[in-house]
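Written below as structure tokens is the structure these notes are about.
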Amino acid sequence: MSKKQDRVLMNEDIRVPEVRCVIDGGEALGIVSIKEAMDKANDMGLDLVLISPDAKPPVAKIMDYGKFHYQEEKKKKEARKKQTKVEVKEIKLSVKIADNDISYKVKHAREFLSEGKHVKFRVFLRGREMAHPEAAEAVLKKVWPMVEDVGTMDKAPAMEGRYCNMLVLPKKEDKK
């Protein structure tokens, strides 16, 4: 959204001859001229805010805009706080990795998956290893059965530049 769309028309910025006026709290004044609405807002020490400019006639509300804006920001902040950020842990492997090293790295990957984190397995191909990308895929296919019971494969082993990547997500537990 652009800044122009975020801008709220209020008080003297409202350029329509008449509005359907509502007071914060639900009381309706009906269709009144913009001058009457402004006078009423000034008498109450509040702002006249254009709520629905596209309506016929436009709807304006008499309210404390500063308080309203503060509460809206507070709601947005609270919503951001409740969002969950997905954490992706990366496990690096090589084509020449030993079996005990694989099992050690898989043990960590299983811990990450049980904590609800996503795990990305990466096999880096060095030099002449690039001539045999199937070797990297073979390493990932060796890893998959070891994490199959705690995770689901989101992205099958695939080459991306010098890396062969596989993404594993934690399994969803059935809540009964």
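Annotations for the structure displayed:
- Candidates Y65, Y104 - the one that is among the hydroxyl-bearing types (S, T, Y) and in contact (Cβ under 8 Å) with a residue 12 or more places away in the chain: Y65
- Of the residues making up segment 7-61, those that are among the hydrophobic types (A, V, I, L, M, F, W, C) and in a loop (DSSP other than H, G, I, E, B) number 6.
- Pick from segment 127-141, criterion charged (D, E, K, R) and surrounded by 15 or more Cβ atoms within 10 Å (Cβ to Cβ), ranking: nearest to R162 (Cα to Cα): E129
- Cβ-Cβ under 8 Å pairs, at least 6 apart or on other chains, segment 76-90 side farther than 20 Å from L113 by Cα, far side among the polar types (S, T, N, Q) and surrounded by fewer than 10 Cβ atoms within 10 Å (Cβ to Cβ): none
Residue-by-condition table, conditions (1) under 25 Å from the mean Cα position of the chain (by Cα); (2) among the polar types (S, T, N, Q); (3) modelled with pLDDT of 90 or more; (4) assigned to a loop (DSSP other than H, G, I, E, B):
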residue: F121; (1), (2), (3), (4): yes, no, yes, no
residue: M130; (1), (2), (3), (4): no, no, no, no
residue: V139; (1), (2), (3), (4): no, no, yes, no
residue: K142; (1), (2), (3), (4): no, no, yes, no
residue: M153; (1), (2), (3), (4): yes, no, no, no
residue: L167; (1), (2), (3), (4): yes, no, yes, no
residue: K172; (1), (2), (3), (4): yes, no, no, yes
residue: K176; (1), (2), (3), (4): no, no, no, yes
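- Filtering S52, S33 for residues that are under 34 Å from the mean Cα position of the chain (by Cα), among the hydroxyl-bearing types (S, T, Y) and not assigned by TED's automatic domain parsing to the domain that holds K155 leaves a single hit, S52.
- Boolean, E78 is of a type in the set (D, E) and at pLDDT 90 or above: no
- S103 of a type in the set (S, T, Y), surrounded by 13 or more Cβ atoms within 10 Å (Cβ to Cβ) and at pLDDT 80 or above: no
- Lone unmet requirement of (1) touching a helix residue (DSSP H, G or I) at 6+ places or on another chain (Cβ under 6 Å); (2) of a type in the set (A, V, I, L, M); (3) under 30 Å from R162 (Cβ atoms) for V88: (1)
The values are calculated or read from the model by the stated rules, or taken from the named source; none is laboratory data. Keep in mind that what you see is a predicted model, and the values were worked out from it rather than measured. Every residue, glycine among them, receives a Cβ derived from its backbone with ideal geometry; neighbour counts consider all protein chains shown.
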